[in-house]
1. What are the residues in region 452-471 that are among the hydroxyl-bearing types (S, T, Y) and surrounded by fewer than 16 Cβ atoms within 10 Å (Cβ to Cβ), if any?
2. With S435, S474 as the choices, which residue is among the polar types (S, T, N, Q) and in contact (Cβ under 8 Å) with a residue 60 or more places away in the chain?
3. Which one of these does R319 not meet: (1) assigned to a loop (DSSP other than H, G, I, E, B); (2) over 27 Å from L127 (Cβ atoms); (3) in contact (Cβ under 8 Å) with a residue 12 or more places away in the chain?
4. Condition (residue is hydrophobic (A, V, I, L, M, F, W, C), within 16 Å of ligand 1 (Cβ to nearest atom) and buried (at least 24 other Cβ atoms within 10 Å of the Cβ)) applied to region 498-517: is it met by at least one residue?
5. Can you pull out every residue in region 196-228 that is more than 16 Å from Q142 (Cβ to Cβ) and of a type in the set (S, T, N, Q)?
6. Search region 528-574 for residues being touching an Asp or Glu at 6+ places or on another chain (Cβ under 7 Å) and at pLDDT below 85, and hand back the single one that is nearest to S510 (Cα to Cα).
7. Which of the residues that make up region 386-424 are part of a strand (DSSP E or B) and either surrounded by fewer than 17 Cβ atoms within 10 Å (Cβ to Cβ) or within 16 Å of ligand 2 (Cβ to nearest atom) (or both)?
Amino acid sequence: MLYLFDIFRKDEIILKETHGRTRSTAELFRRFAPYFKPYVPTLILDLFCASLTTICELALPVIVRYVMNLAQYNLSALTANLIVRLGVLYFVLRVIDTAGSYYMANIGHVMGAKIETDMRTTLFRHLQKLSFRYYANAKVGQLMARITSDLFDVTEFAHHCPEEFFIAGVKIVVSFAILLSVNVPLTLFTFAVLPIMLVCCYKFNRRMRETFKESRWQVGEINAQVEDSLLGIRVVKSFAREEAEEQKFAEGNERWLAIKKRNYFWMGGFQATTRAFDGLMNLVVLVLGCVFLLHGAIHPGDFVAYLLYVQTLLTSIRRIVEFMEQFQRGMTGIDRFLEIMDEQPDIINAPDAIPCEHVRGEVDFEDVSFSYEDDAGEVLGHINLHVDAGQNIAIVGPSGGGKTTLCNLIPRFYDVSSGCVKLDGVDVRKLQLHSLRSHIGVVQQDNYLFSGTVLHNIAYGRPEATREQIIEASKLAGAHEFISSLPNGYDTFIGERGVKLSGGQKQRISIARVFLKDPPVLILDEATSALDNESERLVQQSLEKLAHGRTVFTIAHRLTTIRGADKILVLTEDGIAEQGSHEELIAKGGIYKELYSMYSDMR
Ligand code: ADP
Ligand code: MG
């Protein structure tokens, strides 16, 4: 049976947009089972209700057959008493049916939603663990699709498929048995066409699924494009590229429409074919049944019941065939879910990791080499650097020289390819990740602000901070004044990514955030580069206050701001080209002097 499902899935694999390996249906089931396990009792009850409703449904033709046969052969037995009893029986059956259907529709769906919640939580937790390296290559739009619509498909499958397959299976077996018991030759004649119908259904279903999968992929593309255009809406507008974006979007949409048209072409064919075969079988039953009636080979009551059972059986077969689509969707959803779950976070705690205690802030790079990909060239090669606690190190050099990369190794955003980075003499890979990162503050050029209030953003790294502490941090960051003048002060909503604030304001909020965190080691990565002169001056003042008493790595392209640094490193693609104080490097007359005079000329 599972093998059959695998054949169904073969086409999808071709269309798979990811590099992920192919998982067999058996593996998908095995990996999905743990999410289902807690709900097995609910499912059993669900299937029990499904059996009850099925029995109730199958009972009607039995009663009809009984009454019809009485009417024809033993009318006097059809007493008022019997009619009442039959009525009560049928009434009770319908009550049971109603209760069972309610359970299935309510509890069954709730079970599905619970599984969805569990899986989504697991997926999100896993996404939080994945490192910079993973996100450098991931598409957020694609991840979002997986965490929402894909999982919905999974739970629809989880809830409906066992139920539907079970109901339809029971109905098919029972009604086929009854049909055989009623009249063997008629049954054999009628179902001679069934194998042909199944083959046709299979073919159509396959085509439908191909196009269905394609359309899902295209929806993913549309999602990604919407995300890109909207996140970049300010760039779109500033370059007056709205029309081009619309055009691009229209193309994506058109492609989707074309796929959908093909999808519905096959779906229409599928539905029409199954109906045609349906009709054909009914035709056989009708004509042959009449012939049988004529020759007294079947009782009229049996004939009516027979017709009703044929309908039940046909509907069930059709349902199973149709349900293959939902089954496939579910399988695809699980597959896409597992694709992310199988991504291993590459930055994790060592088994014997220790917490950082009383961090002074001494940092060492010992023969550090680093490359982003195994097969890519080295970005950093054999870097050696000692930084005393409380020292202020400035890193300068051409863009792409590896300044950011170097600093990213301290909080383990990436791990070294060889050598080691030490904090207070301990390899950072031996420290607990959470503890390590809580001792390092990073201010970048473009810090992410969450949509929420100013307060919420400043307290991000220390949610337990009091309002007074937050205000104190803002004062140190030079942000208190402008925050107070916002419409709702600290409770002002700053919009998505802080769009309602100026660059300098955003930057001072990020600085307040780090002030509140109060880390002994600080990384300032071009923290003022994006700002105008006035904002830069204000932010620079805040940063100087922030830097006080900490080990600071300052990456700056404005060389005047780093003149006072204890040590200046010139980092080029060939490694550390020069290091020393401003005066030493100027006296040396090397790259730094060149950069410095170039910069002075520009001013
Ligand atoms: P800098 O900060 O000095 O301008 P970076 O450290 O950002 O330079 O980049 C150093 C080199 O590493 C550049 O050539 C850049 O293209 C490359 N690089 C940066 N980030 C990544 C990444 N996530 N994946 C692959 N290469 C990267
Ligand atoms: Mg950089």
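1. The answer is T466, and nothing else.
2. S435
3. (1)
4. No, the conditions are met nowhere in region 498-517.
5. Hits for region 196-228 are N205, T211.
6. T528
7. H386, I393, A394, I395, V396, S418
This table checks each residue for (1) closer than 30 Å to G268 by Cβ; (2) at pLDDT below 90; (3) touching a helix residue (DSSP H, G or I) at 6+ places or on another chain (Cβ under 6 Å).
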| residue | (1), (2), (3) |
| --- | --- |
| V321 | yes, yes, yes |
| I348 | no, no, no |
| I354 | no, no, no |
| R360 | no, no, no |
| D388 | no, no, no |
| A394 | no, no, yes |
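The values are calculated or read from the model by the stated rules, or taken from the named source; none is laboratory data. Not measured: the values here are computed from a predicted model. Reconstructed Cβ throughout: ideal geometry from the backbone, glycine too, with neighbour counts over all protein chains shown.
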